[in-house]
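S.K.: Sharing a structure below in structure tokens format, with a few things to ask.
The values are calculated or read from the model by the stated rules, or taken from the named source; none is laboratory data. Remember, predicted model here, so these are calculated numbers, not experimental data. Methodologically, a virtual Cβ is constructed for each residue, glycine included, from the backbone with ideal geometry; neighbour enumeration extends over all protein chains shown. Only protein heavy atoms, including side chains, enter the accessible area calculation; ligands, DNA and RNA are left aside. Shrake-Rupley method; radii C 1.70, N 1.55, O 1.52, S 1.80 Å.
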Amino acid sequence: MIGVSSMDECLKSSLNGLDLSQDVPPGFKSGFVTLWGRPNVGKSALLNLLVGEKVAIVSPKPQTTRNRILGIVELETAQIIFVDTPGMHEPKHKLGTFLVDEAMAQLPDADVIVFVVDVSISPTPEDKLAANKIKHSKAPVILALNKRDLVKPDVLAEHSLQYASLGEFEYIIDISATRGDNVGKLVEKIVELLPEGPRYYPKGTITEMPEKFMLAELIRESVLHNLHQEVPHCIAVLVERFEERPGGKAYIAATIHVEKESQKKIVIGKGGTMIKRIGQDARLSIEQYLGKPVFLELWVKVTEDWRRDEQALRRFGYYVKPR
Ligand SMILES: Nc1nc2c(ncn2[C@@H]2O[C@H](COP(=O)(O)OP(=O)(O)O)[C@@H](O)[C@H]2O)c(=O)[nH]1
Ligand SMILES: [Mg+2]
């Protein structure tokens, strides 16, 4: 099950059997940094850039991220555990409720919150909603004005003021998650704000997401890139089999679940062209991720209205906590 009710619980399970007395230099800092904000502002792109590897899928469509995802950055003087969250929005179905709950669950244990916004446009109602949810948090908040590569300096200044008025911020910085502008400075400031602490994860750990989860995410990303409008939001991916085959090839069988027969037709495409394209793109990114050749078999199945069906949501890894 991917949905985790709180960071503490998750941390405890990952710490089982780990030697926490691992030597750390005096003054070593560590902690959880929650990446917060509405959908589509660049939280996952920022996480990947910080970690230096793809741990979260990214797309121009809102609500790409559905689970809390960890990305760990190891420095000489600190270990920063970044927590990527689904974007804050007004939920329209049970999946939406799960996304918002999953994001909210990452606030109480955060040592630092990075509130990411898209500075190329003025604040939207969802930015205001996201800002309000962290108004009373005990953790210090850094305002990261992302996508500065898209705006001229005068617009940047005007929008920055608008975002700055949404709350109280420990530090404000304009960054670009695609170009990398000011990301080093952002990390420096985060380290300054972190408490002293142990190395929570063994050196070299980048994420703790299970491999099967990453495979399903990479397939979902391929669907997001190849299909438009509502369909990508109506899909869930389950990896049924993941096996080593002789000759070092990986065999993966996965099912793409859609909500309606009409969506199944779109995902398969005329004469199977779309599912072929989705499969090819997914295979390439999975091969890059696993570092070995992959044989990928994809199936498409209708699971009626799964976004409103609690049992199906659980099966797909979107655990909805009792309210
Ligand atoms: N130009 C530009 N695009 C960005 C930047 N950061 C993210 N994006 C794009 O914005 C879209 C949403 O990014 P994503 O990381 O999925 O947003 P999230 O929903 O907040 O996780 C993607 O198309 C990214 O490539 C940036 O700094 N500059
Ligand atoms: Mg995301």
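S.K.: May I ask you to list the GluC sites (Glu not before Pro) in region 136-189 that are in a DSSP loop and have at most 15 other Cβ atoms within 10 Å of their Cβ?
M.R.: 168, 170
S.K.: Tell me the accessible surface of residue 34 in square angstrom (1.4 angstrom probe, heavy atoms of protein chains only), to the nearest ten.
M.R.: 0 Å²
S.K.: Find, among the trypsin sites (Lys or Arg not before Pro) in region 141-242, those assigned to loop by DSSP (not H, G, I, E, B) with at most 10 other beta-carbon atoms within 10 angstrom.
M.R.: Sparse-neighbourhood loop trypsin sites (Lys or Arg not before Pro): 203.
S.K.: Arrange the peptides 298-304, 279-285 so that the one whose residues have, on average, the most other Cβ atoms within 10 Å appears first.
M.R.: Result, highest mean Cβ count within 10 Å first: 279-285, 298-304.
S.K.: Could I ask something else about it? Under the 0.36 nm per residue contour assumption, what length would be gained going from the current alpha-carbon distance of residue 196 and residue 93 to full extension?
M.R.: 33.0 nm
S.K.: So, one more: Rounded to the nearest 500, what is the 222 nm mean residue ellipticity of the chain from helices alone, with -39500 (n - 2.57) per DSSP H run of 4+ residues and division by all residues?
M.R.: Calculated at 222 nm, the ellipticity per residue is -10000 deg cm²/dmol.
S.K.: Can I ask one more? From the alpha carbon gyration tensor of region 7-193, can you work out the equivalent ellipsoid semi-axes (sqrt of 5 times each eigenvalue) and give them in Å, largest to smallest?
M.R.: Those come to 26, 20, 15 Å.
S.K.: When Rg is the radius of gyration of the Cα atoms in region 83-155 and Rh is its Kirkwood radius, what does Rg/Rh come to?
M.R.: A ratio of 1.00.
S.K.: Could you put 249, 29 in order of accessible surface area, largest first, with the 1.4 Å probe and the full protein assembly present?
M.R.: So the residues, ranked largest to smallest area, are 249, 29.
S.K.: Taking only protein heavy atoms into account and a 1.4 Å probe, give the accessible area per residue of region 20-132 in Å².
M.R.: With the other protein chains kept in place, region 20-132 gives 31 Å² per residue.
S.K.: Another question about this same structure. Could you give me the ³J(HN,Hα) list for region 23-31, computed from phi with Karplus coefficients 6.51, -1.76, 1.60 and θ = phi - 60°, whole Hz, x at Gly and Pro?
M.R.: Karplus-based 3J(HN,Hα) across region 23-31 equals 4, 10, x, x, x, 4, 10, 7, x Hz.
S.K.: Let me ask something else about it. Leaving out ligands, DNA and RNA, and with a 1.4 Å probe, what % of the accessible surface on the chain is carbon or sulfur?
M.R.: Roughly 52 percent of what the probe reaches on the chain is carbon or sulfur.
S.K.: Please report Rg (one decimal) and Dmax (integer) in Å for the Cα set of region 211-315.
M.R.: For region 211-315, the Cα radius of gyration and maximum Cα-Cα distance read 13.6, 43 Å.
S.K.: Another question about this same structure. Per residue, what accessible area does region 211-315 have, given a 1.4 Å probe and all protein chains present, in Å²?
M.R.: 52 Å²
S.K.: Kindly sort 104, 209 by accessible area of their heavy atoms, largest first, with the probe set to 1.4 Å.
M.R.: Highest to lowest solvent-accessible surface, that is 104, 209.
S.K.: Report, to one decimal in Å, the Kirkwood hydrodynamic radius for region 48-123 based on all distinct Cα pairs.
M.R.: 14.0 Å
S.K.: Cα atoms only: what Rg and Dmax, in Å, come out for the chain?
M.R.: 20.0, 63
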